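To start, the structure under review is shown below, and the notes come after it.
The values are calculated or read from the model by the stated rules, or taken from the named source; none is laboratory data. It should be emphasised that the depicted structure is a prediction, and the values quoted were computed from it without experimental measurement. Cβ coordinates were reconstructed from backbone atoms using ideal geometry, including for glycine residues, and neighbour counts include every protein chain displayed. To get the accessible areas, we keep the full protein, side chains included, count just its heavy atoms, and leave off ligands, DNA and RNA. Shrake-Rupley method; radii C 1.70, N 1.55, O 1.52, S 1.80 Å.
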Amino acid sequence: MNRTFIIIKPDGVRRGLIGEVLGRFEERGLKIVAAELRTIDTATAIDHYAEHDGKPFFDSLVSFITSGPALLAVLEGSADTWRTVRTMIGATNPADSAPGTIRGDLGLEMGENIIHGSDSADSAEREIGLFFPNL
Ligand code: DAT
Ligand code: MG
């Protein structure tokens, strides 16, 4: 069992894309082992995005991710699940996110880019602990 963490960001929830995005993971064969619709509080958002603290987009990133309900989920696969999910999400820059990926099919913005996915096994463990401490 190998897990990773995703957030369908407030833009994705607002646009009604929860089913579309979770459906892609389910069709791929990943199992949803936890899911919750939650408006992330500011302290948790700052902790989650700590690696970006000090960057010019940090404040807008935190206010965006806390701007409304987000869908938090833990996905489980057999191995390298974080990497499988990142590949399905696509590149951060919309100019580089390939068709067939979530961002490449559904988004066109650098900030409001629908979904977050952990970027390493260590990040996955840290983020699952931050958002689902009882899991
Ligand atoms: P990712 O979400 O692909 O892991 P990241 O961790 O580098 O990307 O950045 C986190 C989020 O911050 C990203 O989804 C969108 C926003 N962001 C990143 N770089 C940015 C930039 N140069 N300008 C504006 N927003 C940016
Ligand atoms: Mg990241």
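Report, in debye and to the nearest 20, how large the dipole of segment 2-131 comes out about its Cα centre when Lys and Arg carry +1 and Asp and Glu carry -1 on their Cβ. Mind dumping the intermediate values first?
Values: 13 positive and 20 negative charges, 59 e Å.
Here segment 2-131 has a charge dipole of around 280 debye.
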- Amide H neighbours of Asp119 at under 5 Å, excluding residues fewer than 5 places away on the same chain, with H built from the backbone geometry, are Ala124
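Considering only protein heavy atoms and a probe of 1.4 Å, how much of the accessible area of the chain is carbon and sulfur, as a whole percent?
Working: 3440 of 6900 Å².
Answer for the chain is 50 percent, counting heavy atoms of protein chains only.
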- Task: Give me D for segment 2-131 in µm² s⁻¹, whole number, from Stokes-Einstein with Rh from the Kirkwood sum over alpha-carbon pairs, 25 °C and 0.890 mPa s.
- Result: 168 µm²/s
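Mind ordering 56-63, 17-24, 3-10 by average Cβ neighbours within 10 Å, highest first?
Highest mean packing first, the order is 3-10, 17-24, 56-63.
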- Note on the structure: Expressed in angstrom and rounded, the centroid-to-centroid distance over alpha carbons for segment 62-135 and segment 1-54 is 6 Å
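By how many nm would the segment from Asp47 to Ala79 grow when fully extended, if each residue of separation counts as 0.36 nm and the alpha-carbon distance is taken off? Please list the in-between numbers first.
Numbers: separation 32, 0.36 × 32 = 11.52 nm, distance 2.66 nm.
Between Asp47 and Ala79, full extension yields an extra 8.9 nm.
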- Residues whose built amide H sits under 5 Å from the amide H of Ala34, excluding neighbours closer than 5 in sequence, are Val74
